[in-house]
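> What follows is a structure written as C-alpha cells; I'll ask about it next.
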Amino acid sequence: MTMKKNTAHQIASVLTEALPYIQRFKNKVIVVKFGGNAMIDDALKHSFARDIVLMKSVGLTPIVVHGGGPQIGNLLTKLGKTSDFIDGMRVTDSETMDVVEMVLGGLVNKEIVNLINQHGGKAVGLTGKDGNFIRAKKIKLKKSAIDSEAFELIDLGHVGEVTSIDTAVLNMLNASDFIPVIAPIGVGDDGESYNINADFVAGKIAEKLNAEKLILLTNTAGILDKQGELLTGLSLKDIDNLIADGTISSGMIPKTRCATDALKGGVTSVHIIDGRVEHAVLLELFTDQGVGTLLLNR
C-alpha cells in the first residue's frame, strides 16, 4: 500500500531534521540517567530501549545509568521493613543494603539489559563493584543541632558518594560495541558497598569520559519558571539565580547541582528531560525543539 503524500512528507522532514544531529554526535559519548515514570510504565520502558538501540546503531556511544528507588521501597515493604529518609536520602543499614544490591544490581539492571537486547542492542549490566570501577566513600551528613550553633553528624549507613571512576571497563565495552547499563552501587576502600544517587553517578561518569551530553530523565517537563513554563538554554549563572530566587527548589536542586558539576567538569551540555514522553531521548537529541531543559557551560 502506497504511503499518503502528507504522511511521507512528515516522515521525510523528521529524518532530514535528525541527520545533522546524527552526524554531529557520531562517536560521541552520551550518558543517560534512566529513572522516574519511564522505569515503571511498560510503553515508556520499551520506547527508551528502542531509543538507546537506535543511538548505538547510528554511531553514537550511549551509556545508561539507572535508579530504582520505588522498586527498592516496594521490596522493603514486602519484607516488612520501613525506610527513613533524610534530605531525600534513604537511610541504608546493612540489611537494606542487601536489598538495594538485589534490586539495583539484579532485578532492575537485568530488566533494562533484557529490554535493550530485545530491541536489537547488545547491552551488558554491571554495578560499580565490577572491576571496582566506581570507588566510593561514606557520606557524612551534617545537620544543625537543635538550639545550638554546633553541628551533629547524621549516620545514613551505606549511603555513599563517588570518589573516583575507573573507565577501563566502560572503554572496553564501548570499543566492543556493547551498551553499558550501570547500577549506582560503589565500593569503598574497606570493601563495603555503598548506595549512591544515580544522577551523581551518571554525572561523574560523563565527566570522566568527556561526554558530549548528560541526559537526566525526570517526572517533569524540565526546569520550570514560576509560571510553570519550561525554561531552556540555561547558563551556569542562570541556574545560580534560579536557585537563589526559589524558582528551582526541592528535588530539582540536586539534579541541577549534578548538571552544573558535570558542565564544570567538561561535559558539553546537560539535558533535564521529561521521561513521561515516549521516545524523549531521541526527541531531545535529534530535533530542533527537544522535550526538556538544555543547560550549557557559558
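The values are calculated or read from the model by the stated rules, or taken from the named source; none is laboratory data. Everything numeric here is computed off the predicted structure, so don't read it as measured data. Ideal geometry is used to build each Cβ from the backbone, glycine not excepted, and the neighbour counts take in all protein chains shown. We work out accessible area using only protein heavy atoms, side chains counted, and drop any ligands, DNA or RNA first. Shrake-Rupley method; radii C 1.70, N 1.55, O 1.52, S 1.80 Å.
> Over the range 200-293, what is the percentage of antiparallel beta bridges among all DSSP beta bridges, to the nearest 5? Display every interim value, and only then the final one.
Details: 3 of 9 bridges.
Taking every DSSP beta bridge with both residues in the range 200-293, the antiparallel ones total about 35 percent.
> On a 0 to 90° scale, report how tilted helix 109-118 is relative to the longest principal axis of the chain, with both axes built from alpha carbons and the result rounded to the nearest 10.
Helix 109-118 and the main axis of the chain meet at about 10 degrees.
> From the phi angles alone, apply the Karplus equation (6.51, -1.76, 1.60; θ = phi - 60°) to the range 233-244 and give each ³J(HN,Hα) in whole Hz, x where the residue is Gly or Pro.
x, 8, 9, 4, 5, 4, 4, 4, 5, 5, 6, 4
> Here's another thing I want to ask about it. Can you list residues whose amide H is under 5 Å from residue 196's amide H, if they're 5+ apart or on another chain and H is modeled 1.01 Å from N?
160, 186
> What longest range of the chain stays clear of loop-exposed GluC sites (Glu not before Pro) (DSSP non-H/G/I/E/B, at most 11 other C-beta within 10 angstrom)?
Maximal segment without exposed cleavage sites: 1-148.
> By how many nm would the segment from residue 164 to residue 250 grow when fully extended, if each residue of separation counts as 0.36 nm and the alpha-carbon distance is taken off?
Working: separation 86, 0.36 × 86 = 30.96 nm, distance 2.73 nm.
Result for the pair: 28.2 nm of gain on full extension.
> Using only protein heavy atoms and a 1.4 Å probe, report how much of residue 240 is accessible, in Å² to the nearest 10.
The accessible area comes out at roughly 80 Å².
> Enter the Cα centre distance for the pair the range 81-119 and the range 191-222, rounded to the nearest angstrom.
15
> Averaged per residue, what accessible area in Å² does the chain show with a 1.4 Å probe, protein chains only? Intermediate results must be reported in sequence, preceding the final value.
Values: 14670 Å² over 298 residues.
I get 49 Å² per residue for this part.
> Considering only protein heavy atoms and a 1.4 Å probe, what is the carbon-and-sulfur percentage of the accessible area of the range 44-154? Write out the running numbers ahead of the final one.
Values: 2960 of 5630 Å².
Roughly 53 percent, rounded to a whole number.
> Can I ask one more? Would you pull out the residues with amide H under 5 Å of residue 86's amide H, same chain only if 5 or more places away, H placed 1.01 Å from N?
Amide H neighbours of residue 86, under 5 Å, 5+ apart: 91.
> Among 33/226; 26/122; 5/45; 33/78; 28/204, which pairs are too far apart, with a Cα-Cα distance over 22 Å?
On the way: 33/226 26 Å; 26/122 18 Å; 5/45 32 Å; 33/78 27 Å; 28/204 16 Å.
Those over the limit are 33/226; 5/45; 33/78.
> Which option, (1) 157; (2) 138; (3) 168, is the value of volume of the Cα convex hull per residue in Å³ that was calculated from these coordinates?
Correct label, based on the coordinates given: (1).
> Using a simple charge model, +1 on the beta-carbon of Lys and Arg, -1 on the beta-carbon of Asp and Glu, nothing else, what dipole does the chain show about its Cα centre, in debye to the nearest 20? Before the final figure, lay out the partial values.
Working: 31 positive and 35 negative charges, 204 e Å.
Charge dipole, the chain, about its Cα centre: 980 debye, nearest 20.
> In the full protein assembly as shown, how much of residue 54 is accessible to a 1.4 Å probe, in Å² to the nearest 10?
Answer for residue 54: close to 70 Å² accessible.
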